[in-house]
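The values are calculated or read from the model by the stated rules, or taken from the named source; none is laboratory data. All of these numbers come straight from a predicted model, not from anything done at the bench. All Cβ positions, glycine included, derive from the backbone under ideal geometry; neighbour counts span all protein chains shown. The protein model used for the area step is the full one, side chains on, heavy atoms only, and it has no ligands, DNA or RNA in it. Shrake-Rupley method; radii C 1.70, N 1.55, O 1.52, S 1.80 Å.
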Number of protein chains: 2
Amino acid sequence: MTSTLDRETALSDLDLARAEFRDRLVDAGLLVRSSLDGLYGRSGVFEDVIDVIDTAVRAAGRAAHGSSAQRFRFPPVFPRESFEKTDYIASFPNLTGAITTFSGDNRAHAELLAARSAGEDWDHFLDSAGTMLVSAACHPAYSMLTGDLPAGGTTLDVYGYCFRHEPAVDPARMQAFRMHEFVQVGTPDQAVEHRESWIERGQAVLEQLGLDASPVIANDPFFGRAGRMLAANQRNENLKTELVVRLYGDLDEGTAVVSCNCHREHFGHTFDIRTAEGGEAHSACVGFGMERIALAMFRTHGLDVTRWPEALRPA
Amino acid sequence: MTSTLDRETALSDLDLARAEFRDRLVDAGLLVRSSLDGLYGRSGVFEDVIDVIDTAVRAAGRAAHGSSAQRFRFPPVFPRESFEKTDYIASFPNLTGAITTFSGDNRAHAELLAARSAGEDWDHFLDSAGTMLVSAACHPAYSMLTGDLPAGGTTLDVYGYCFRHEPAVDPARMQAFRMHEFVQVGTPDQAVEHRESWIERGQAVLEQLGLDASPVIANDPFFGRAGRMLAANQRNENLKTELVVRLYGDLDEGTAVVSCNCHREHFGHTFDIRTAEGGEAHSACVGFGMERIALAMFRTHGLDVTRWPEALRPA
């Protein structure tokens, strides 16, 4: 049994371990700190490691789906109209990023600048730009599937920047990071099969990268009181499995680097996507957290990539 | 002499040409439309063309700077503290993207959801997240240079997503697009030399990609009345040269696909960057507009990449 004091000490050790890892990454020139937690520049070497990871991810995608997975790349910003259909503001309001801009005239601009010169806040001079930051790489993809799917459903390969407002010391909890996803949209069975089969494939990719990962039944961090029930349902229905690497030893439960999710009819319903048989489409995705996998590799193989196992060393 | 009527007809022809080009790109599956102008998904083939372009850009960078250009990749979001130092909100408020998020409690969230259910606006439930969308790829880089530069200055290779709120029918005017930049920070002479020398190098890259481009003295679209003077100064002092490709024949002045800019002491001053000699640092950059170059290639070589000249064909 752990006393309150023990737990507080453990928490503090974890925070120290996270800060120490971050500082080592920064000192090694792999990440560049900004004035905010969770926002970093990446060095060329860091990006080379991302490429090594992506080569393995793409190979796994080809092995699983041949050339049937259609590649799409979306920018980090997408229409609020699509965002609304994801229901993200209901489940994760605190992680959301909405875009505002200035749409006033010369006079309003002069007022904004006067407020700014006086050291005052100038946000109230801005209005919604009608756009949102992308929270999960697959979110911008669903609106293009509205209507009837082809027989056999659709497999997508999407890769892009995601935003989550959760400033943290842990370098593995970034506000902006990349996710490479394979998404299946089709029948309920296809969605379940996609999620299940990618647990093993994801494990194989991580093994190939020299990482020691374990699958864990998980839930999304749904917001607030109502969110607790959603999280419990997600676990009970076995909709989310994360592949977890222990970046900080026994100090926490580990860091999720890959996530295998079944969305059931959530996106099919709100985006009005139907299977060739006429049913509401189900969907599932596997998401590779590219920065987190890179950090796990630095943690496992060391910060000096020239000393990594030859097969993993960036060109 | 052009009558008002002629000019109106010409404007309409230009809009038609832009809409037709956009529709052809969408019909060919190269771009995916969203519900907003200027936000598109990119197909795998479109991304392969981006890779072809980037291979040429990187080779030009190596030829110019050897291995001295340090590579950095920044996410599409950066701290408002750095954004403030760029003075972008003074010059381009209408293009700006500020991030807001929800930081309230359960009760405030319930109110947000109630407003949303009632079809009302819910933006006023959000507060600043302290972050901004990146407007130019080099903007997040300057804060890491605060202090004294090494002797000889610093050369950076930065590549990332940029955001500008300017919804438009023209597929070449995207709200979110990528820019690959080489940035020089050092003495006034180094900055001038960097800008000048990249005009020719940029031309050579575009020629290599089979594009017919011309250098044009240009200015940024500074906002409002005060902006007109800034624009005139920029032209008079010869601080900006754009490499322009005519996507729409004689219907307009052409589309800038590469931009060579001298910032003088603007960033050196606000980010407090000093040369090894102790002076205020000057800076200059060349920016390759990756999507615009890709569109110019589709316009020039056709929408079917399998019929492109062999040297340009994606693998």
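Number of residues in the stretch A:119-155 that are part of a strand (DSSP E or B) and within 12 Å of residue A:74 (Cα to Cα): the value is 1.
Within the stretch A:145-159, is even one residue closer than 17 Å to residue A:94 by Cα, assigned by TED's automatic domain parsing to the domain that holds residue A:71 and buried (at least 20 other Cβ atoms within 10 Å of the Cβ)? Explain how you work it out, then say what you get.
Our first condition is that a residue be closer than 17 Å to residue A:94 by Cα; within the stretch A:145-159, this holds for none.
No, the conditions are met nowhere in the stretch A:145-159.
The residue of the stretch A:20-42 that is nearest to the other protein chains (Cβ to nearest Cβ), among those that are over 26 Å from residue B:129 (Cα atoms) and small (Gly, Ala, Ser), is A:29.
The condition of being open to solvent by less than 40 Å² (accessible area, probe 1.4 Å), more than 13 Å from residue B:285 (Cβ to Cβ), more than 14 Å from chain A (Cβ to nearest Cβ) and free of Cβ contacts under 8 Å to residues at least 24 places away in the same chain holds for only one of B:256, B:231, B:213, B:218, that being B:231.
For residue B:164, the test of being open to solvent by 20 Å² or more (accessible area, probe 1.4 Å), touching a residue at least 24 places away in the same chain (Cβ under 8 Å) and more than 8 Å from chain A (Cβ to nearest Cβ) is passed.
Each residue in the stretch A:276-308 was checked for being open to solvent by 10 Å² or more (accessible area, probe 1.4 Å) and of a type in the set (Ser, Thr, Tyr), and 2 pass. Looking across the stretch A:114-144, the residues that are open to solvent by 40 Å² or more (accessible area, probe 1.4 Å), aliphatic (A, V, I, L, M) and more than 10 Å from every other protein chain (Cβ to nearest Cβ) come down to A:114, A:118.
Screening residue B:45 on (1) part of a helix (DSSP H, G or I); (2) within 18 Å of residue B:172 (Cα to Cα); (3) open to solvent by less than 10 Å² (accessible area, probe 1.4 Å); (4) facing chain A (nearest Cβ under 9 Å) shows it passes everything except condition (3).
Could you look through the stretch B:173-210, keep only residues that are hydrophobic (A, V, I, L, M, F, W, C) and within 14 Å of chain A (Cβ to nearest Cβ), and pick out the one that is nearest to residue B:74 (Cα to Cα)? Steps first, answer last, please.
Going residue by residue through the stretch B:173-210, those that are hydrophobic (A, V, I, L, M, F, W, C) are B:174, B:176-177, B:179, B:182-183, B:185, B:191-192, B:198-199, B:204-206, B:209.
Okay, now just the ones that are also within 14 Å of chain A (Cβ to nearest Cβ), so B:174, B:176-177, B:179, B:182-183.
Details: B:174: 19, B:176: 15, B:177: 14, B:179: 11, B:182: 14, B:183: 14 Å.
Here the residue is B:179.
Can you confirm whether the stretch B:66-84 contains a residue that is more than 9 Å from chain A (Cβ to nearest Cβ), part of a helix (DSSP H, G or I) and under 28 Å from residue B:221 (Cβ atoms)? The answer is yes; a qualifying residue exists.
Residue by residue, here is whether (1) among the hydrophobic types (A, V, I, L, M, F, W, C); (2) assigned by TED's automatic domain parsing to the domain that holds residue A:208; (3) touching an Asp or Glu at 6+ places or on another chain (Cβ under 7 Å) holds:
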{"residue": "A:68", "(1), (2), (3)": "no, yes, no"}
{"residue": "A:76", "(1), (2), (3)": "no, yes, no"}
{"residue": "A:85", "(1), (2), (3)": "no, yes, no"}
{"residue": "A:92", "(1), (2), (3)": "yes, yes, no"}
{"residue": "A:112", "(1), (2), (3)": "yes, no, no"}
{"residue": "A:121", "(1), (2), (3)": "no, no, no"}
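Residue count for the stretch B:85-103 under the criterion of being open to solvent by 10 Å² or more (accessible area, probe 1.4 Å), facing chain A (nearest Cβ under 8 Å) and not aliphatic (A, V, I, L, M): the result is 3. When the stretch A:23-42 is filtered for residues that are open to solvent by less than 20 Å² (accessible area, probe 1.4 Å) and under 19 Å from residue A:302 (Cα atoms), the ones remaining, listed by number, are A:25, A:30, A:31, A:42. In a residue-by-residue description of the stretch A:185-192, the property of being in the same structural domain as residue A:73 (by TED's automatic domain parsing), within 30 Å of residue B:110 (Cα to Cα) and part of a helix (DSSP H, G or I) applies to no position.
Restricting to the stretch B:34-66, name every residue that is within 29 Å of residue A:138 (Cα to Cα) and either aliphatic (A, V, I, L, M) or not assigned by TED's automatic domain parsing to the domain that holds residue B:22 (or both).
Keep residues of the stretch B:34-66 that are within 29 Å of residue A:138 (Cα to Cα), which gives B:34-55.
Within the stretch B:34-66, B:36, B:39, B:45, B:49, B:50, B:52, B:53 meet the criteria.
Of everything listed in (1) modelled with pLDDT under 95; (2) touching a strand residue (DSSP E or B) at 6+ places or on another chain (Cβ under 7 Å), the single unmet condition for residue B:121 is (2).
Among the strands (runs of 3 or more DSSP E) contained in the stretch A:204-315, which hold 1 or more residues that are within 17 Å of residue A:182 (Cβ to Cβ) and of a type in the set (S, T, N, Q)? Walk me through it before giving the result.
Details: elements: A:213-217, A:240-245, A:255-264, A:282-289.
By residue number, A:240-245, A:255-264, A:282-289.
Answer yes or no as to whether residue B:196 is in contact with a Ser or Thr (Cβ under 9 Å, 6 or more places away or on another chain) and charged (D, E, K, R). Give the steps one after another, and end with the answer.
Working: in contact with a Ser or Thr (Cβ under 9 Å, 6 or more places away or on another chain): yes; charged (D, E, K, R): yes.
Judged against the criteria, residue B:196 is a match.
Taken over the stretch B:264-275, the residue count meeting the criterion of being out of contact with any His (no Cβ under 7 Å at 6 or more places or on another chain) and either surrounded by fewer than 24 Cβ atoms within 10 Å (Cβ to Cβ) or farther than 20 Å from residue B:240 by Cβ (or both) is 8.
If you filter the stretch A:85-103 down to residues that are part of a loop (DSSP other than H, G, I, E, B) and polar (S, T, N, Q), you find that the one that is farthest from the chain's Cα centre (by Cα) is A:103. Do we have residue A:172 as within 19 Å of residue A:281 (Cα to Cα), open to solvent by less than 10 Å² (accessible area, probe 1.4 Å) and either assigned to a helix (DSSP H, G or I) or in contact with a Leu (Cβ under 9 Å, 6 or more places away or on another chain) (or both) here? Judged against the criteria, residue A:172 is not a match.
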